[in-house]
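Inspection log for the structure reproduced underneath, given as structure tokens.
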Amino acid sequence: MSPVAGRIVPMRLDLRGKTALVTGSTQGIGQAIAAGLASAGARVGVNGRSPESVDRAIAELGDGDFVPAPADVTTEEGAAAALSALGDVDILVNNLGIFGAQPALEITDDDWRRYFEVNVLSAVRLTRALLPGMRSRGWGRVLYIASDSAVVIPAEMIHYGVSKTALLGVARGFAKEAAGSGVTVNSVIAGPTHTGGVEDFVYSLVDKQLPWDEAQREFMRLHRPQSLLQRLIEPEEIANMVVYLSSPLASATTGGAVRVDGGYVDAILP
């Protein structure tokens, strides 16, 4: 049971009548978030760069109210195209992101710009487009999928970590912009998560001949020893937190950096 406005109400994550946009939702964490929001009753815009990838993802997702929103949201034109497919959006989940290992002194200016364009500015642009409508309607949710790398900057991908650090600041700043409006803005600090892209990343750092279970354990031992979970997190575990933060039950949580990191960040806060 959960207290809301002085009352005790059942813990029901009911998003019926709400429309959500999840960027980069054709696979991995984004696809799991889309599935979770739809299971709570939301109408969900599935976004990827191509119509083919979006159609494939929707077919894989199965039951649910899914709307194709193919577009490259790292551009102004693409962001506008994605939004035009959905109309009013009540829940924005800025999940799109890129990552990859690269020696610190070999990260070029163009690499830095690309990471900020994709991981930060795409989210800022969509927030700027949607927040005014949410405020005028008196309800909305804006979420940024950050990473433990925002707090514990990895030596092998500084540019990625710093772009995720920026998202924590962006979320806090826009939460202040939305203050008192009924709109909440939060970031989600996702820990090391099991996705296809992460499998490739793991094998770039450990012996490619190892079976996956052994490779995962070796990766966590060598490169993520702080994890209290001592395993990779499943995408659905990230999605569960996102669905809660998107729901009316999270009405008093805003401006936060909420951790789903398996205890990886060695700090009490955030």
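The values are calculated or read from the model by the stated rules, or taken from the named source; none is laboratory data. Not measured: the values here are computed from a predicted model. Quick reminder, even Gly has a Cβ in these numbers, built from the backbone with ideal geometry, and neighbours come from all protein chains shown.
Is one or more of the residues making up region 52-73 in contact with a Ser or Thr (Cβ under 9 Å, 6 or more places away or on another chain), more than 26 Å from S147 (Cβ to Cβ), loosely packed, with under 12 Cβ neighbours inside 10 Å and in the same structural domain as S149 (by TED's automatic domain parsing)? Within region 52-73 (the criterion being in contact with a Ser or Thr (Cβ under 9 Å, 6 or more places away or on another chain), more than 26 Å from S147 (Cβ to Cβ), loosely packed, with under 12 Cβ neighbours inside 10 Å and in the same structural domain as S149 (by TED's automatic domain parsing)), the answer is yes, since at least one residue qualifies.
Return the residues of region 88-126 that are within 15 Å of the chain's Cα centre (by Cα), surrounded by fewer than 22 Cβ atoms within 10 Å (Cβ to Cβ) and of a type outside the set (A, V, I, L, M); say none if nothing qualifies. Please lay out each step first, then the result.
Within region 88-126, the first condition is being within 15 Å of the chain's Cα centre (by Cα), and the residues that meet it are 91-99, 118-124, 126.
Keeping just the survivors that are surrounded by fewer than 22 Cβ atoms within 10 Å (Cβ to Cβ) gives 98-99, 118, 120-121, 124.
Matches in region 88-126: F99 only.
Highlighted here are the helices (runs of 4 or more DSSP H) found entirely within region 1-106 that include at least 2 residues which are among the charged types (D, E, K, R), closer than 18 Å to A123 by Cα and out of contact with any His (no Cβ under 6 Å at 6 or more places or on another chain): 76-84.
On inspection, A129 does not qualify as surrounded by fewer than 18 Cβ atoms within 10 Å (Cβ to Cβ), assigned to a loop (DSSP other than H, G, I, E, B) and of a type in the set (A, V, I, L, M).
Counting residues that are touching a residue at least 12 places away in the same chain (Cβ under 8 Å) and among the acidic types (D, E), which helices (runs of 4 or more DSSP H) fully inside region 170-270 reach at least 2? Spell out the reasoning first.
Details: elements: 196-205, 212-223, 235-246.
Fully inside region 170-270 and qualifying: 235-246.
On the given criteria, is S149 among the hydroxyl-bearing types (S, T, Y), under 17 Å from A257 (Cβ atoms), surrounded by 16 or more Cβ atoms within 10 Å (Cβ to Cβ) and touching a Lys or Arg at 6+ places or on another chain (Cβ under 8 Å)? Yes, satisfied. Would you say R135 is in contact with a strand residue (DSSP E or B) (Cβ under 7 Å, 6 or more places away or on another chain), basic (K, R) and assigned by TED's automatic domain parsing to the domain that holds A20? So R135 passes the test.
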